[in-house]
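Visitor: Dropping a structure here in structure tokens format, bear with me for questions.
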Amino acid sequence: MAKRTSKGNVQRESILDAASSLFVERGFPGTSMYDIADALGVTRTAVYYYFPNKEAILAALTEVVTWVAGQLAGQLAERKGLDPVDALRHLVVQHAKLIVSHPVQFRVVERNENHLSPKRREAAAKWRRAVLDHFTDVIKRGIGSGQFRLVDARVAALAIIGMCNWTAWWYKPTGRRSQDEICALLAELAVNGLRQEGARPPRTEMGESLRLLRKELAYLEQRIQDEPA
């Protein structure tokens with residue numbers, strides 16, 4: 001049975017979305033609870049019902065992009081029986097999907113973490129370290145199995161996570177690539193960048209690469225047809 005979304009959850013998400021946009025536009029110090037309520041067309045009381053102050057809103061946004069990321073990465077990395085190539089692919093897809101589905105929130109958190117309390121900043125840093133550790137562990141397993149090249153696993157993990165995080169600045173919902181396609185492409189780049197030379201990709205991987213190649217070719221053909229003679 002599909003999980004129902006309560007009216008309260010919808011209202012809470014609306015507040016987070018409105019606050020995120022204002023924090024980006026005006027900065028955290030330049031945004032008030034009144035501004036957030038005004039942007040939503042509701043009273044300040046309605047906003048205060050969910051959040052006592054804007055610091056609590058920032059804390060909630062931080063939880064979305066740090067705690068959730070840590071939880072997701074941990075659940076996947078703990079599946080030690082999963083092939084390292086598949087594990088890395090899934091790690092990249094789910095982390096990138098979290099970012100491209102919350103790009104504004106991620107940018108807010110990256111720019112305003114100094115406005116959090118020391119305790120909340122440490123909690124955010126803890127979950128970021130957890131994500132890095134999980135990525136590093138999967139890459140090390142791939143190196144150990146001979147599927148990935150001998151590289152500095154932690155540096156490789158930082159590079160891959162950074163590639164995913166950067167989507168918060170360039171991803172556009174109106175772009176020609178869907179969220180799923182972008183995440184799949186990032187996963188392909190990550191895996192192929194580490195794969196040991198001569199290691200044959202799984203059949204499912206080759207099929208996905210072929211599907212993306214056909215889609216890209218179809219796009220190029222359409223562009224050529226649209227060009228004036």
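Visitor: Checking Cys183 against (1) in a loop (DSSP other than H, G, I, E, B); (2) of a type outside the set (Gly, Ala, Ser); (3) at pLDDT 90 or above, only one condition comes out false. Which one?
Guide: (1)
Visitor: Follow-up. Could you list, ordered by first residue, the pairs with Cβ atoms under 7 Å in which the first is in the range 55-75 and over 22 Å from Leu158 (Cβ atoms) and not assigned by TED's automatic domain parsing to the domain that holds Ala130 and the second is acidic (Asp, Glu) and surrounded by fewer than 22 Cβ atoms within 10 Å (Cβ to Cβ), at least 6 apart or interchain?
Guide: none
Visitor: I'd like to check something: does the range 78-85 contain any residue that is free of Cβ contacts under 8 Å to residues at least 60 places away in the same chain and part of a helix (DSSP H, G or I)?
Guide: The answer is no; no qualifying residue exists.
Visitor: Does any residue in the range 119-136 that is within 16 Å of Glu78 (Cβ to Cβ) come within less than 9 Å, Cβ to Cβ, of a residue that is of a type in the set (Phe, Trp, Tyr) six or more places away or on a different chain, and which pairs are these?
Guide: Trp127/Trp67
Visitor: In the range 138-159, what count of residues is obtained for those that are under 21 Å from the mean Cα position of the chain (by Cα) and crowded, with 19+ Cβ neighbours inside 10 Å? Full working, then the answer.
Guide: Just the residues of the range 138-159 that are under 21 Å from the mean Cα position of the chain (by Cα), to begin with: 138-139, 153-159.
Among the residues that remain, those that are also crowded, with 19+ Cβ neighbours inside 10 Å are: 138-139, 153, 156-157.
Of the residues in that region, 5 qualify.
Visitor: If you don't mind, there's one more thing I want to ask. If Arg111 meets every condition in (1) at pLDDT 90 or above; (2) within 27 Å of Ser14 (Cα to Cα) apart from one, which number is that one?
Guide: (1)
Visitor: Suppose we filter Ala18, Ala59, Ala37, Ala87 for residues that are within 30 Å of Gly142 (Cβ to Cβ), aliphatic (A, V, I, L, M) and buried (at least 18 other Cβ atoms within 10 Å of the Cβ); which single one remains?
Guide: Working: Ala18 fails: within 30 Å of Gly142 (Cβ to Cβ); Ala59 fails: within 30 Å of Gly142 (Cβ to Cβ); Ala37 fails: within 30 Å of Gly142 (Cβ to Cβ).
Going through Ala18, Ala59, Ala37, Ala87 in turn, just one is within 30 Å of Gly142 (Cβ to Cβ), aliphatic (A, V, I, L, M) and buried (at least 18 other Cβ atoms within 10 Å of the Cβ): Ala87.
Visitor: Would you confirm, using the coordinates I've provided, whether Gln105 is within 29 Å of Gly144 (Cα to Cα) and not acidic (Asp, Glu)?
Guide: Values: within 29 Å of Gly144 (Cα to Cα): no; not acidic (Asp, Glu): yes.
No.
Visitor: Further question on the same structure: Quick one: how many residues across the range 128-160 are in a helix (DSSP H, G or I), in contact with a Gly (Cβ under 8 Å, 6 or more places away or on another chain) and closer than 18 Å to Leu82 by Cα?
Guide: 2
The values are calculated or read from the model by the stated rules, or taken from the named source; none is laboratory data. Remember, predicted model here, so these are calculated numbers, not experimental data. Backbone-built Cβ (ideal geometry, glycine too); neighbour counts: all protein chains shown.
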